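**Student:** Submitted below is the structure of interest, expressed as structure tokens.
Taken together, the values in this text are just the output of simple stated rules run on the coordinates, not laboratory data. Fair warning: this is a prediction, and the values are worked out from it, not measured in the lab. Cβ atoms come from the backbone with ideal geometry, glycine included; neighbour counts cover every protein chain shown.
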Amino acid sequence: MQLEYFISLLLGGLAKGSIYALIALGYTMVYGIIQLINFAHGEIYMIGAFTALIFSTVITYTMPDTAFLINVGISFTGAIIFAAAYGFTMERIAYRPLRNAPRLSALISAIGMSILLQNYVLLAQTPDFLPFPSLVPNFSFLEPIEYIVSSNQIVIIVTTIIVMILLTLLIKFTRVGKAMRATAQDKTMAQLIGINVDKIIAITFVIGSSTAALGGVLISSNIGQINYYIGFIAGIKAFVAAVLGGIGSIPGAVLGSLILGLTESFGSGYISSDYEDAFAFIFLVIILIFKPEGILGRKDNQKV
Amino acid sequence: MLKLESVNTYYGNIHALKGIDIEINKGEIVTLIGANGAGKSTTLMTISGVVPPKTGTVTFKGENISSKNPDEIVQMGLVQVPEGRHIFPYLTVQENLDMGAFLRKDKPAIKKDLEYVFELFPRLSERRKQTGGTLSGGEQQMLAISRAIMAKPDLLLLDEPSLGLAPIIVMQIFEIIKKINRENNTTIFLVEQNANMALKVAHRGYVMETGRITISDKSENLLANDSVRKAYLGM
């Protein structure tokens, strides 16, 4: 029993960490490229979840005999496309005009964007919690061990692994990926070798928003309810994960997220679930005391 | 090939370029000399479109490029090696060179140019797997020039290629500049504080003082000019 409990906490922690990772990617990629903490990133995650809810509800009521998997496919795709569009638009109207302004201005713009999007969803939808349908099929082969791991958790972990592999390939080997790395390292020089920096920044926002939406839909489907405020705490946690791993570093964000997920899972499982949120921040404080640049962060980020 | 006509550039409220005129013909090496803060680097950044001019026109190959984006200007064959080299520190030497050819699609020609730069700078070939940040200053300058060659420029802008380098490396870099000009018929616009060296390789030169072009003449005349000798050649 002890071992089973341990394994269920482990998998629960990995699933949680995976969701953080999907969100943290957006924070860390945007920070890496324009040194901005995009505080509105959590809102993109929330909007992704709402979009999926709307799509799936509309499909369920207007075309009740649509196959479950088609419904799921459309809901996920819709969420990703909408969130990506929000991310793209946000960069255009809130950050691009401030590209050469002091960093504090862009940060304040990000906070403003976050408040704006939260209240927009609050007004357009409802302040109450809405039930969220399960968009993940129940795998029958998991039934015997359902008390250890759920279908949802498996889907979350596998999806995250696939996304990470695809993203790594994109950044390492494609033209866009190389341009992203070059832009992150030296924006002026990137321009001088012919990279359209604005376009690369927009693509970064689109990718980060897409993965955040994916995370939003997956976790909402697991928890079963959403409201306009879910982006805030998830966003803060993912931000903590990104800082923990070393902001600006993609492997760092993933590592930080998994550590955070596992800490929360084991902390609440073995110590007390009342302090679940506290564990994340205690861990952050400890790491930052001993390694202020984060686990995989670079010390020499400051360029002259 | 390149023509600047009464170009005015501002950094916020600072009037950095005050109506400058420069003309560069195909195949020439032209230098721009002047003291610190005269506006030499700003001139190059204005030409490259990074800091666009407020008034005046920059014409390249007969086309007005004053309001074009930096990437469009690179696409037209105007490439800059900025001051301080700006190597991508976490990309390898090879990747840095690949990035130089970012806008090109002619793979066989890119490969040939890669062989050409390794011939110019065999040191880079030895270090192709090292990251850019681990190179010495001289090697970084070689890499910066090579990366620009990979873009196959018709006009190459060089900003202080001799800055902070040992005299022997400076000699080598200037030899290469002459070589690129001769072998590829690449036009070169060279910004330098090392006026002596610059005027020795250049055909013509401009002298810049606090945002204005004060003298424009052939290199040998500038080398003989008393005020230039006093102000920039330390004689």
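**Student:** Going through the DSSP H helices of chain B, which span 15 Å or more along their own axis at the Cα atoms while scoring at least 0.0 as a mean Kyte-Doolittle hydropathy?
**Tutor:** Those that clear 15 Å and a mean of 0.0 are B:137-149, B:167-184.
**Student:** Let me ask something else. Taking K and R as +1 and D and E as -1, what net charge do the other residues with C-beta under 14 Å from the C-beta of B:Leu199 add up to?
**Tutor:** On the way: positive: B:Lys178, B:Lys200, B:Arg204, B:Lys218, B:Arg229; negative: B:Glu28, B:Glu192, B:Asp217, B:Glu220.
Computed value for this residue: +1.
**Student:** I've got another one for you. Using the Karplus curve 6.51 cos²θ - 1.76 cosθ + 1.60 with θ = phi - 60°, work out ³J(HN,Hα) for each residue of segment A:90-106 in order, rounded to whole Hz, and write x for Gly and Pro.
**Tutor:** 4, 4, 4, 8, 9, 10, 4, x, 9, 3, 9, 7, x, 4, 4, 4, 5
**Student:** Most exposed first by the Cβ proxy, i.e. fewest other Cβ within 10 Å, how do A:Val243, A:Val121 rank?
**Tutor:** A:Val121, A:Val243
**Student:** Moving on. Sequence-distant or interchain residues sharing an amide H contact under 5 Å with B:Lys54, placed H: which?
**Tutor:** Those lying under 5 Å, H to H, from B:Lys54 are B:Asn8, B:Thr9, B:Tyr10.
**Student:** Can you tell which of A:Gly256, A:Gly267, A:Gly231 shows the greatest fluctuation in a Gaussian network model of chain A with Cα springs below 10 Å?
**Tutor:** A:Gly267
**Student:** Which one, A:Asn138, B:Thr31, B:Gly77, is farthest towards the positive end of the dipole of the protein assembly as shown when Lys and Arg carry +1 and Asp and Glu -1 on their Cβ?
**Tutor:** B:Thr31
**Student:** Here is a follow-up. Return B:Glu119, B:Glu83, B:Glu192 ranked ascending by Cβ neighbour count within 10 Å, so the fewest neighbours appear first.
**Tutor:** Arranged by neighbour count, lowest to highest, B:Glu119, B:Glu83, B:Glu192 become B:Glu119, B:Glu83, B:Glu192.
**Student:** OK, next. Springs between alpha-carbon atoms under 10 Å, Gaussian network over chain A: tell me which of A:Tyr31, A:Tyr147, A:Tyr20 tops the mean-square fluctuations.
**Tutor:** Sorting by GNM fluctuation, first place goes to A:Tyr147.
**Student:** Something else about it: Could you quote the convex hull projected area for chain B, Cα atoms only and averaged over all directions, in nm²? The partial results should precede the final answer.
**Tutor:** On the way: hull surface 49.1 nm².
That works out to 12.3 nm².
**Student:** Say the cut-off is 22 Å between C-alpha atoms; which of B:Lys111/B:Lys179; B:Lys3/B:Lys26; B:Lys152/B:Lys218 go over it?
**Tutor:** Pairs exceeding 22 Å: B:Lys152/B:Lys218.
**Student:** Please turn the phi angles of segment A:186-198 into ³J(HN,Hα) values with the Karplus equation 6.51 cos²θ - 1.76 cosθ + 1.60 (θ = phi - 60°), one per residue in order, whole Hz, x for glycine and proline.
**Tutor:** Each residue of segment A:186-198 in turn: 6, 5, 4, 5, 4, 4, 6, 9, x, 8, 7, 4, 4 Hz.
**Student:** Taking the Kirkwood radius as the inverse of the mean 1/r across Cα pairs, report the Rg/Rh of segment B:46-125.
**Tutor:** When Rh is taken as the Kirkwood radius, the ratio is 1.04.
**Student:** A:Ile295's amide H: which non-local residues (gap 5+, or another chain) put their own amide H closer than 5 Å, with H modeled 1.01 Å from N in plane and none for Pro or chain starts?
**Tutor:** A:Gly245, A:Gly246
**Student:** Still on this model: Explain nothing, just compute: Karplus ³J(HN,Hα) = 6.51 cos²θ - 1.76 cosθ + 1.60, θ = phi - 60°, for every residue of segment A:63-69 in order, whole Hz, x for Gly and Pro.
**Tutor:** My calculation for segment A:63-69 gives 10, x, 8, 5, 4, 3, 5 Hz in order.
**Student:** Provide B:Met150, B:Met142, B:Met1 in ascending order of the number of other Cβ atoms located within 10 Å of each residue's Cβ, fewest first.
**Tutor:** Fewest to most other Cβ atoms nearby, the residues stand as B:Met1, B:Met150, B:Met142.
**Student:** Still on this structure, I have one more. What angle do you read, to the nearest 10 degrees and between 0 and 90, between the alpha-carbon axis of helix A:151-173 and the longest principal axis of chain A?
**Tutor:** Its long axis makes an angle of about 20 degrees.
**Student:** Within chain A, what is the number of lysine pairs with alpha carbons under 25 Å apart, leaving out pairs fewer than eight places apart on the same chain?
**Tutor:** So the count of such lysine pairs works out to 18.
**Student:** Taking a spot 7 Å from the Cα of B:Glu220 along the direction of its beta carbon, which residues of segment B:193-213 have an amide N less than 16 Å from it?
**Tutor:** In segment B:193-213, the label zone of B:Glu220 (backbone N under 16 Å from the point 7 Å along Cα→Cβ) covers B:199-205.
**Student:** Next up: If the label point is 7 Å along Cα→Cβ of A:Glu4, which residues in segment A:126-146 have backbone nitrogen under 17 Å from it?
**Tutor:** Counting only backbone N, you get A:141-146.
**Student:** Let me ask you something else. Using only helices, what value at 222 nm comes out for chain B when you add -39,500 (n - 2.57) per DSSP H run of length 4 or more and divide by the total residues, to the nearest 500 deg cm²/dmol?
**Tutor:** Working: 10 runs with 93 residues, N = 235.
So the calculated ellipticity at 222 nm is -11500 deg cm²/dmol.
**Student:** Would you kindly work out the equivalent ellipsoid of segment A:1-115 from its C-alpha gyration tensor and give its semi-axes, the square roots of five times the eigenvalues, largest first in whole Å? Spell out each step's value before the answer.
**Tutor:** Working: eigenvalues 203, 117, 19 Å².
Value: 32, 24, 10 Å, ordered largest first.
**Student:** Post the alpha-carbon centroid distance, segment A:106-127 to segment A:235-304, in whole angstrom.
**Tutor:** 26
**Student:** Shielding of A:183-190 by partners, i.e. mean partner chain Cβ atoms within 10 Å per residue?
**Tutor:** 6
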